[in-house]
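The values are calculated or read from the model by the stated rules, or taken from the named source; none is laboratory data. Just so it is clear, the structure is predicted and the values come from calculations on it, not from any experiment. Quick reminder, even Gly has a Cβ in these numbers, built from the backbone with ideal geometry, and neighbours come from all protein chains shown. All accessible areas refer to the heavy atoms of the entire protein, side chains included, with ligands and DNA or RNA removed. Shrake-Rupley method; radii C 1.70, N 1.55, O 1.52, S 1.80 Å.
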Amino acid sequence: MLALRRFLLRWRARKGRLVVLPSVHSPQLDNRRDLYVHVPAAPAAPARGDARYPVIYMQDGQNLFDPATSFAGTWGVDEALAWASRRALDAIVVGIPNMGAARIAEYDPFVDAGDRYLDFVTHTVKPLVDGQFPTLPERSHTGIAGSSMGGLISLYAFFKYPEVFGFVAALSPSLWFADGALLDLVARAPRVPGRLYLDVGLREGEQTVTLGRRLRDLLRAKGYAPRRDFRWVEDKDGVHHESAWGRRFRKALPFLLREPAA
């Protein structure tokens, strides 16, 4: 019993904590939103008291942690991070909530609001987080992630801001949006060093699967190699829902958080 109690105490200690930064103003968009910052538990060893962590900036932040704030269930990102921490993979996750009716415009890479949203993420949110939390601010330790339209804008951000983001996770990205314009953008874009995780649920519809496979082939043609810097997942039971994205995000964390190649 004593051994079990010690194990449970260690497990709970690794769960980390959720910090809310209230009413953060965006000068780029002239609006305000809370930010949800999940921070790893403090290292047990005093020698690691100066530990710093990679950061993942995630869209639709109200759907990541708390069922009370989510639209249709949560990803369970806190549990996913606890799972990764037990495997010596720690990270800070910054959940950036969408703004409801403005969500589509802010996540649209092809209108001004989408660029202003990413300006907010890179020039307001990131400096704020780097200033208040023990981050590894370099691009190789900075990622961006999202699903559906959030996955679309995350992919765009990886290619638009190569000096900021060193890895990306796009879960079921809305590649159909704007007649598949993101596929053309990726085809024209120079190859950006980093790690890319891309997935699709096979129960999301033929168009979604077909476009996902087209993007997979484009990325491979650019030189992103499986297991090295590119991971493609087809989820045979996957639907377009938070529960499926949360399950796959947990499995993606070891790929996203591994030490960057020298």
Self-check item: region 216-262, residues that are among the acidic types (Asp, Glu) and without any contact (Cβ under 8 Å) to a residue 24 or more places away in the chain
Solution: ASP217, GLU259
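From the list ASP115, ASP66, pick out the single residue that is of a type outside the set (Val, Ile, Thr), modelled with pLDDT of 95 or more and either closer than 24 Å to HIS141 by Cβ or surrounded by fewer than 19 Cβ atoms within 10 Å (Cβ to Cβ) (or both).
So the residue among ASP115, ASP66 that is of a type outside the set (Val, Ile, Thr), modelled with pLDDT of 95 or more and either closer than 24 Å to HIS141 by Cβ or surrounded by fewer than 19 Cβ atoms within 10 Å (Cβ to Cβ) (or both) is ASP115.
Determine whether ILE104 is open to solvent by less than 30 Å² (accessible area, probe 1.4 Å) and hydrophobic (A, V, I, L, M, F, W, C).
Details: open to solvent by less than 30 Å² (accessible area, probe 1.4 Å): no; hydrophobic (A, V, I, L, M, F, W, C): yes.
No: the conditions fail for ILE104.
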Quiz item: Which of (1) in a helix (DSSP H, G or I); (2) farther than 14 Å from ALA169 by Cα; (3) at pLDDT below 95 is the odd one out, the single condition GLY246 does not satisfy?
Solution: (2)
Quiz item: Out of all the residues in region 237-262, which are acidic (Asp, Glu) and either on the phi > 0 side of the Ramachandran plot or open to solvent by 30 Å² or more (accessible area, probe 1.4 Å) (or both)?
Solution: ASP237, GLU259
Quiz item: Can you tell me which residues in region 144-162 are touching a helix residue (DSSP H, G or I) at 6+ places or on another chain (Cβ under 6 Å) and either surrounded by fewer than 18 Cβ atoms within 10 Å (Cβ to Cβ) or not aliphatic (A, V, I, L, M) (or both)?
Solution: GLY146, SER147, TYR161
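Give region 106-141 a look and list any residue that's closer than 21 Å to ALA181 by Cβ and in a helix (DSSP H, G or I), or say none. First the steps, then the outcome.
So in region 106-141, the residues closer than 21 Å to ALA181 by Cβ come out as 106-119, 121.
Result: GLU106, ASP112, ALA113, GLY114, ASP115, ARG116, TYR117, LEU118, ASP119, VAL121.
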Quiz item: Which one is farthest from the chain's Cα centre (by Cα) among residues in region 197-236 that are open to solvent by 20 Å² or more (accessible area, probe 1.4 Å) and among the acidic types (Asp, Glu)?
Solution: GLU206
Quiz item: Which one of these does ALA187 not meet: (1) of a type outside the set (D, E, K, R); (2) open to solvent by 20 Å² or more (accessible area, probe 1.4 Å); (3) under 21 Å from the mean Cα position of the chain (by Cα)?
Solution: (3)
Quiz item: Does ARG103 count as touching a residue at least 60 places away in the same chain (Cβ under 8 Å) and either part of a helix (DSSP H, G or I) or among the polar types (S, T, N, Q) (or both)?
Solution: no
Quiz item: Out of region 226-243, which residues are out of contact with any helix residue (DSSP H, G or I) (no Cβ under 8 Å at 6 or more places or on another chain) and under 16 Å from SER174 (Cβ atoms)?
Solution: VAL239, HIS241
Quiz item: Looking at GLY180, GLY194, which is the one that is crowded, with 18+ Cβ neighbours inside 10 Å and of a type in the set (Gly, Ala, Ser)?
Solution: GLY194
Quiz item: Does GLY223 meet the test of being touching a helix residue (DSSP H, G or I) at 6+ places or on another chain (Cβ under 6 Å) and in a loop (DSSP other than H, G, I, E, B)?
Solution: no
Practice problem: Find the residue count for region 166-177, including only residues that are surrounded by 20 or more Cβ atoms within 10 Å (Cβ to Cβ), of a type in the set (A, V, I, L, M, F, W, C) and touching a residue at least 60 places away in the same chain (Cβ under 8 Å). | Solution: 3
